[in-house]
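Since the structure comes first, as structure tokens, the remarks are kept for the end.
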Amino acid sequence: MLLSKLLERFGVHQAYRDEEITCITDNSKNIVPGCVFVCIRGARFDGHTAAVAAAAQGAAAVIAERDTGAENQILVPNTREAYGLLCQAFYGYPAEKLTMIGITGTNGKTTTAFLIKQILDSCGIKSGLIGTVKNMVGSQECPAHLTTPDPLELNRLLAEMVGAGCTHCVMEVSSQALDQGRVKGIRFSVAGFTNLTQDHLDYHKTFEAYRSAKHKLFEQAETAVLNIDDPNAMEMVRGTACKVITLSTKSDTADYTAKNITHRTQGVSYELVTTGQIGRVRIGIPGGFTVYNSMLAAVCCMAAGIPFERAVAALGTAGGVPGRIEVVPTGTDYTVIIDYAHSPDGLENILRSLREICGAGRLITVFGCGGDRDKTKRPKMGKIAQELSDICVVTSDNPRSEDPGQIIRDILAGMREDAEHVIVEPDRTRAIARALGMAQAGDIVLLAGKGHETYQILGTGKIHFDEREKIREILKIES
């Protein structure tokens, strides 16, 4: 592809040397002859400092925000946004050939995205999935490294979907991705909002900045589907031109409401009500938040053209999501559940939902907090876990470069000093073993924070750590 073709939508007015382009990169370690090197200023490294060297190594052009002195340099106002747009152009703008459905919010993105794909599959629509647990091109699975990939990987995946005959793509859209312009220029047919609570303040610094990042998705959307039981919902569409569809379990003024909600050990059922239509939903994923996630999934599909009856019927056949209220088979008379809850709101939601189905049994919670992440949520999560659990086992999550003991002390700061039934065990394997060892008939053991992850990030690097395997080893279950 010629550089001029790559830049045809940019409106570049300066002179440059037209070259054949082999690839695009923002990583100075990946410079090859004929590439376009995009200079991005990050937290630890400013790509502008590598511009001259990149040109010397054969980069056909350098995209920068300021004069670097590099040969064949092209200046743009924002290189992060330019990188996303260039990647789209390089792969032939694949998002324009797909019905794009984006889901954002603090909790519920993964489950909602999975449910949307399952509804589309049930309706015979070939689709792709991009998200936290895995990426999918039709039925083919690909590993996921970020909730929303780097623009180059993102557009490569979208191009593969187009090539495989997909007509729709559902993707989780993270606040960091929106802030960094990874999806800049992509038009979403439908954008869904789950909820907004404290998370990622290590990156965004303030809740207002976090909310503002989420808002960017709806600036790029044709239709917004909002959970208006969340107080931040209408802020998502303030000042945008998108059509708004609302859902609620509480307000009769919403476009879609859930009535007669029934919680069961193996799932939930409710009536999805809108003007002139009632659908009876029965879905095999327990928890109050499942009502919101499944409603949002169904309504997003309806906004994308799926008939009401087909969307509702498809929810009845939808399966669970790895690491999201995932019941682990143990053959015991108690229940073991793995969930990704790693924020105060996420932990509170899962604990309240499990309390609804726990009956006379006890709720035993194993949890920790990630290192090098928002420290202010640690005591909040400690307080929530203690108040809503019968027994808490405080342990490590992904400590990264931080001292696991200090992370635990931060958690304990939110718990009562005279608290009974709070156990501290920094080693996560031993913590799981202690929880399983004290579990009795009718109890629920929740392992919170890791979810779908099959690793643990320590100061020494990433190690293999699959909680399902640990449970089998501890209980001596044959795999």
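The values are calculated or read from the model by the stated rules, or taken from the named source; none is laboratory data. Keep in mind that this is a model prediction, so the values were computed, not measured. Note: ideal-geometry Cβ built from the backbone for every residue, glycine included; neighbour counts use all protein chains shown. For accessibility, only protein heavy atoms count, side chains too; no ligands or nucleic acids. Shrake-Rupley method; radii C 1.70, N 1.55, O 1.52, S 1.80 Å.
Here are the numbers for this structure:
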| read-out | value |
| --- | --- |
| Where a residue in the range 413-430 is more than 11 Å from K383 (Cβ to Cβ) and its partner, wherever it lies, is open to solvent by 40 Å² or more (accessible area, probe 1.4 Å), with Cβ under 7 Å and at least six apart | H421/D390; I423/R434; E425/R434; P426/P404; T429/K470 |
| F367, sole failed condition from (1) surrounded by fewer than 20 Cβ atoms within 10 Å (Cβ to Cβ); (2) touching a residue at least 40 places away in the same chain (Cβ under 8 Å) | (1) |
| Candidate set: the range 96-105, residues that are open to solvent by 10 Å² or more (accessible area, probe 1.4 Å) and either touching a helix residue (DSSP H, G or I) at 6+ places or on another chain (Cβ under 8 Å) or of a type in the set (A, V, I, L, M) (or both); chosen: the one farthest from M302 (Cα to Cα) | K97 |
| Residues of the range 161-177 satisfying the condition of being farther than 24 Å from A298 by Cβ and open to solvent by 10 Å² or more (accessible area, probe 1.4 Å) | V162, G163, A164, G165, Q176 |
| One residue from D18, D26 being in contact (Cβ under 8 Å) with a residue 12 or more places away in the chain, among the acidic types (D, E) and under 16 Å from N155 (Cβ atoms) | D26 |
| All positions within the range 1-41 that are under 14 Å from Q88 (Cα atoms), open to solvent by 40 Å² or more (accessible area, probe 1.4 Å) and assigned to a loop (DSSP other than H, G, I, E, B) | M1, E8, R9, F10 |
| The range 370-393, residues that are of a type in the set (G, A, S), within 25 Å of A43 (Cβ to Cβ) and open to solvent by 10 Å² or more (accessible area, probe 1.4 Å) | G370 |
| Helices (runs of 4 or more DSSP H) completely within the range 360-479 that count 1 or more residues being over 22 Å from N349 (Cα atoms) | 404-412, 428-438, 467-475 |
| Tally, over the range 84-100, of residues that are out of contact with any Lys or Arg (no Cβ under 9 Å at 6 or more places or on another chain) and either within 22 Å of A224 (Cα to Cα) or of a type in the set (S, T, N, Q) (or both) | 3 |
| The range 224-242, subset small (G, A, S) and surrounded by 12 or more Cβ atoms within 10 Å (Cβ to Cβ), residue farthest from I350 (Cα to Cα) | A224 |
| Residues that are over 16 Å from the mean Cα position of the chain (by Cα), hydrophobic (A, V, I, L, M, F, W, C) and under 23 Å from N30 (Cα atoms), drawn from the range 143-190 | L152, L157, L158, A159 |
| G382 being more than 17 Å from F465 (Cβ to Cβ) and free of Cβ contacts under 8 Å to residues at least 40 places away in the same chain | yes |
| Qualifying residue in the range 215-223 (condition: out of contact with any Phe, Trp or Tyr (no Cβ under 6 Å at 6 or more places or on another chain), among the hydroxyl-bearing types (S, T, Y), buried (at least 22 other Cβ atoms within 10 Å of the Cβ) and closer than 20 Å to A113 by Cβ) | no |
| Residues that are surrounded by fewer than 19 Cβ atoms within 10 Å (Cβ to Cβ) and out of contact with any helix residue (DSSP H, G or I) (no Cβ under 8 Å at 6 or more places or on another chain), drawn from the range 419-433 | E420, H421, D427, R430 |
| Strands (runs of 3 or more DSSP E) contained entirely in the range 87-172, each with at least 1 residues that are without any contact (Cβ under 8 Å) to a residue 24 or more places away in the chain | 134-137, 140-143 |
| Test: residue in the range 47-64 that is open to solvent by 30 Å² or more (accessible area, probe 1.4 Å), at pLDDT 95 or above, in a helix (DSSP H, G or I) and in contact with a Cys (Cβ under 9 Å, 6 or more places away or on another chain) | yes |
| Enumerated strands (runs of 3 or more DSSP E) restricted to the range 243-329, each holding at least 2 residues that are among the hydrophobic types (A, V, I, L, M, F, W, C) and open to solvent by less than 10 Å² (accessible area, probe 1.4 Å) | 267-274, 277-283 |
| Any hit, the range 341-352, residues being β-branched (V, I, T), open to solvent by less than 50 Å² (accessible area, probe 1.4 Å), closer than 20 Å to N195 by Cβ and touching a strand residue (DSSP E or B) at 6+ places or on another chain (Cβ under 9 Å) | yes |
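Residue-wise test of (1) among the aliphatic types (A, V, I, L, M); (2) at pLDDT below 95.
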residue	(1), (2)
L296	yes, no
C301	no, no
G316	no, yes
I350	yes, yes
R362	no, no
